[in-house]
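Enquirer: Got a structure for you, written out below as structure tokens; questions coming shortly.
The values are calculated or read from the model by the stated rules, or taken from the named source; none is laboratory data. Note that the coordinates shown come from a computational prediction; the quantities given were computed from them, not determined experimentally. Quick reminder, even Gly has a Cβ in these numbers, built from the backbone with ideal geometry, and neighbours come from all protein chains shown. These accessible areas exclude ligands, DNA and RNA; they are computed on the full protein's heavy atoms, side chains included. Shrake-Rupley method; radii C 1.70, N 1.55, O 1.52, S 1.80 Å.
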Amino acid sequence: RNNGGADYRVVASGDGAGGAFTVSNGVDLLPYQVDWNDGGGFVALSTGVAAGMTGANQSSVDCAGVNNAAVQVTVGGLDMSTASPGVYASTLTLLIEPL
């Protein structure tokens, strides 16, 4: 909930080198794309860069029953098709800052 208005920022960082968005099986790394949607369509996020958003619900603690924001994580098809078999894992951190 944002009492000051509908504006907020999203900062995303991965656990790869320099905060890169990558998944790893311990040996191999696969990059991934992170996109954020607060109702106006998906917007690509860059690691460590604050992305300004305007869709926060400032009047209801439960978003008045409407959909919340969504995050989408995508690994490219070529990267997936050439990846070594194994279990891949990563940590994605999202910081949400009301303005």
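Enquirer: Please go through the stretch 11-20 and pick out each residue that is assigned to a helix (DSSP H, G or I) and surrounded by 14 or more Cβ atoms within 10 Å (Cβ to Cβ).
Expert: Across the stretch 11-20, the qualifying residue is only Gly19.
Enquirer: Would you be able to tell me the number of residues in the stretch 69-99 that are in contact (Cβ under 8 Å) with a residue 24 or more places away in the chain, part of a loop (DSSP other than H, G, I, E, B) and more than 21 Å from Tyr8 (Cα to Cα)?
Expert: Step one: list which residues in the stretch 69-99 are in contact (Cβ under 8 Å) with a residue 24 or more places away in the chain, which gives 69-76, 79-80, 83-84, 86-99.
Checking which are part of a loop (DSSP other than H, G, I, E, B) leaves us with 69, 76, 83-84, 86-88, 90-92, 99.
Filter once more, so that each one left must be more than 21 Å from Tyr8 (Cα to Cα): 76, 83-84, 86-88, 90-91.
Qualifying residue count for the region: 8.
Enquirer: Within the stretch 21-41, how many residues are in a loop (DSSP other than H, G, I, E, B), under 12 Å from the mean Cα position of the chain (by Cα) and either at pLDDT 95 or above or within 21 Å of Met80 (Cα to Cα) (or both)?
Expert: 1
Enquirer: For the stretch 34-53, what are the residues that are loosely packed, with under 14 Cβ neighbours inside 10 Å and not small (Gly, Ala, Ser)?
Expert: Val49
Enquirer: Enumerate the pairs (first residue in the stretch 40-51 and more than 19 Å from Gly16 (Cβ to Cβ); second residue anywhere and of a type in the set (S, T, N, Q) and open to solvent by 60 Å² or more (accessible area, probe 1.4 Å)) with beta-carbon separation below 9 Å, excluding pairs fewer than 6 apart on the same chain, so at least 6 apart or on different chains.
Expert: Listed pairs, sorted by first residue: Gly40/Thr54; Phe42/Gln72.
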